[in-house]
Amino acid sequence: MRFDSVIVGAGLSGLAVARNLLAKGESVAILEARDRIGGRILSRSADLKEGTGYDLGPAWIWPHNTRMLRLIRELGLPLMRQHAAGKLVFQDQNGSIRRDLDFATMGEALRVEGGLARVADGLAHALPQGVLRLGHVVSKVETYDAGVRLAGTDRGNPFIVEATRVILALPPRVVASTIEFLPAFPETLLHGLKSVPTWMAGHAKLVAVFERAYWREEGFSGDAISHLGPLFEIHDASPDPEAAHGAALFGFVAPGRAGKGCDETRLIEDATHQLAALFGPGLGAPTHILFENWANNPFTATDLDTPDLSGHPRYYRQDFADPPWSGRVFLAGTETAPENGGFLEGALEAAERF
């Protein structure tokens, strides 16, 4: 099989690149290692079905995210405002709690009703049959006279695909750590790729689903900041504007509390107790808990990724300028977007190059 372009990764950037190239008349294949699309976009229902419901990856779109807003309009998806009415709860490092703060941390944020996976689904649905290939793990990329050759496994079975060029819509660290290049990349190039932090790769996210939004009934917005943990930032994650059903809170796990090798059962128990402590015992027990530890996902995180980044990294465009890779191998993930790197908007920014 030979194509004009092979895209590795069916996250938002990879799907957007495919859309752009197909519109130009190119022959395209997308090779995705997972058995699902979306990359770091992951939405699940309370019964763990993927595709709609609660976001376990990114959730917010902001008014200045013009690319994302344009795409969502094109796909005909409904938006809702992040619930922000009510008091914020603050917990200090000693466990002392304040519940009287009039402060909305994410009041301007927007969310896609039904979850961000609907954006990825909309892009994938428009692809011609045969373009998207799930379960394809690329392990080797080599150049030859006519272009590039990619090799790997499709659910354990070997495959080889050839193309004029390959576009790696992956975090640079994943590229450097999981794919063998022939001829081999120089050490300086590998070091450069590995030095690019993958945004949120070392984090974990928890969603607790309740029968109704008890916190709203008590005058709380669902926003909470904790210096104790295990959740350090909490927000309302209810899937509809009025929280008439399936009300939920989500929280980011504090740095150092998740990651590889953590006791996830204990962490979930501690987080559930923390939510009751923050918003009051009337919160009741969650009907469902959804949890995603991204640090344990080899297609997102590497051993270099840790959750304790001191701030948002500065990202920049990276090119393979030297032969034989120049003009044949490209990067297109959100960590290569100079203006919006790490964010959803950055994934679309990176895709605009193609």
For this session: Evaluate the stretch 254-266: report whether one residue or more is of a type in the set (D, E, K, R) and part of a helix (DSSP H, G or I).
Result: yes
Exercise. Do we find that ARG266 is open to solvent by 40 Å² or more (accessible area, probe 1.4 Å) and over 30 Å from ASP92 (Cβ atoms) in this structure?
Worked result: no
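How about the stretch 163-237: which strands (runs of 3 or more DSSP E) wholly inside it have at least 3 residues that are aliphatic (A, V, I, L, M)? Give the steps one after another, and end with the answer.
Details: elements: 180-182, 204-209, 220-226, 231-236.
Because the criterion is at least 3 residues that are aliphatic (A, V, I, L, M), the strands (runs of 3 or more DSSP E) in the stretch 163-237 that meet it are 204-209.
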For this session: Count, please, the residues in the stretch 85-121 that happen to be over 22 Å from ILE37 (Cα atoms) and in a loop (DSSP other than H, G, I, E, B).
Result: 15
For this session: Collect the residues in the stretch 280-292 that are open to solvent by 10 Å² or more (accessible area, probe 1.4 Å) and of a type outside the set (Ser, Thr, Tyr), keeping them in residue-number order.
Result: GLY280, PRO281, GLY282, GLY284, ALA285, PRO286, HIS288, ILE289, PHE291, GLU292
Problem set entry | Verdict on GLY251 being modelled with pLDDT of 95 or more, open to solvent by less than 20 Å² (accessible area, probe 1.4 Å) and closer than 24 Å to GLY11 by Cβ | yes
Exercise. When the stretch 156-176 is examined, which residues are found to be in contact with an Asp or Glu (Cβ under 8 Å, 6 or more places away or on another chain) and either buried (at least 21 other Cβ atoms within 10 Å of the Cβ) or modelled with pLDDT under 95 (or both)?
Worked result: ALA163, PRO171, PRO172, ARG173
Exercise. In the stretch 297-354, what residues are modelled with pLDDT of 90 or more and β-branched (Val, Ile, Thr)?
Worked result: THR300, THR302, VAL329, THR334, THR336
Problem set entry | Index of the failed condition, ARG149 passing every other in (1) surrounded by fewer than 20 Cβ atoms within 10 Å (Cβ to Cβ); (2) in a loop (DSSP other than H, G, I, E, B) | (2)
For this session: Would you check if VAL6 is assigned to a helix (DSSP H, G or I), closer than 20 Å to LEU134 by Cα, in contact with a Lys or Arg (Cβ under 9 Å, 6 or more places away or on another chain) and in contact (Cβ under 8 Å) with a residue 12 or more places away in the chain?
Result: no
Problem set entry | Near pairs, Cβ below 6 angstrom, 6+ apart or cross-chain, from the stretch 82-99 (over 15 Å from GLU218 (Cα atoms)) to any residue that is in a loop (DSSP other than H, G, I, E, B) and open to solvent by 70 Å² or more (accessible area, probe 1.4 Å) | GLN91/LEU228; ASP92/HIS227; GLN93/HIS227; GLN93/LEU228; GLY95/LEU228
Exercise. Are any of the residues in the stretch 310-319 of a type outside the set (Val, Ile, Thr), open to solvent by less than 70 Å² (accessible area, probe 1.4 Å) and part of a helix (DSSP H, G or I)?
Worked result: no
Exercise. Mind checking whether some residue in the stretch 281-296 is part of a loop (DSSP other than H, G, I, E, B), out of contact with any strand residue (DSSP E or B) (no Cβ under 6 Å at 6 or more places or on another chain), modelled with pLDDT of 90 or more and not basic (Lys, Arg)?
Worked result: no
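The values are calculated or read from the model by the stated rules, or taken from the named source; none is laboratory data. Since the structure is predicted, the reported quantities are computational estimates derived from the model, not experimental observations. Note: ideal-geometry Cβ built from the backbone for every residue, glycine included; neighbour counts use all protein chains shown. Please note that ligands, DNA and RNA were not included when accessible areas were found on the heavy atoms of the full protein model with its side chains. Shrake-Rupley method; radii C 1.70, N 1.55, O 1.52, S 1.80 Å.
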